[in-house]
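See structure below.
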Amino acid sequence: MNRSIVGRHFELTEPIKDYANSAIDTLDKYGLDIISATTLVSSNEKNGKKGFGVEFVVNLKDKNSVVISQKDKDVYAAIDLAIERVKKTLRRHADRIKNHKIASFKDLGAEAEAVGEFIGGLTDDPEIVPMDLELHKPIDFDEAMDMLKEEKKRQFIVFNDTEGNLRVMYKRADGKFGLY
């Protein structure tokens, strides 16, 4: 994991760097592939009040990033609060990944074995069954239009035009017919 700790308008001391590094070390327990972790510590002063801001940017594999910002009067308290929020986010992300199940052939049981036997049967000696071509006779434009008007489920029909090209007639949302 690449780490970087940057101070903006603030001089980082070794104890603060060590504290941020030890906080980042606790992120490994979630089992996620963390590519990089960037810590940005900044000093903020508004209306005479001094405060600190801490931002953690954690880049995970698969283009997932976690960005957490936290402000507090004490830099150590800001780091603690921010790292707890990062841990919560990473824990939720890890739980989502662990609960995501992918269906496999083992989940199908006996049906998967039957498919395996069928495919094995095809490689030994395939049987060719002839088809009746009268069922698939070519239709013309008028027949395609009548078939589409009659049927409720079918949305398009493929037919041969007078030049022998395949054409597609389809129902449009406005009730008219389109032709490719």
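Read-outs: derived from the displayed coordinates by stated rules, not from any lab. Keep in mind that this is a model prediction, so the values were computed, not measured. Please note: Cβ atoms are built from the backbone with ideal geometry, for glycine as well, and neighbour counts cover all protein chains shown.
Here are some notes:
- Full extension of the chain between D62 and K50 gives 0.5 nm of extra length, using 0.36 nm per residue less the Cα-Cα distance.
- Residue-wise HN-Hα couplings along region 21-36, as the Karplus relation 6.51 cos²θ - 1.76 cosθ + 1.60 with θ = phi - 60° gives them from phi, are 5, 5, 5, 5, 4, 6, 7, 5, 6, 7, x, 9, 7, 8, 7, 8 Hz; Gly and Pro carry x.
- Relative exposure of H9, H100, judged by other C-beta atoms within 10 Å (fewest first): H100, H9
- The simple spin-label model puts a point 7 Å past each Cα toward its Cβ; for S36 and L148 those points are separated by 5.4 nm.
- Whole-number D in µm² s⁻¹ for region 1-71, Kirkwood Cα-pair radius fed into Stokes-Einstein, 4 °C, 1.567 mPa s: 99
- Full-stretch length increase - K87, V168 - with 0.36 nm per residue and alpha-carbon distance subtracted: 23.6 nm
- Distance between the modelled labels on N2 and R96, one decimal in nanometres: 2.4 nm (7 Å Cα→Cβ projection).
- Net charge over other residues, Cβ less than 15 angstrom from the Cβ of K73 (K, R count +1; D, E count -1): 0
- Near the amide H of L60, within less than 5 Å, lie the amide hydrogens of I35, S65, V66, all on another chain or at least 5 residues away, with H placed in the peptide plane.
- Charge sum, other residues only, whose C-beta stays under 15 Å from D25's C-beta, Lys/Arg counted +1 and Asp/Glu -1: 0
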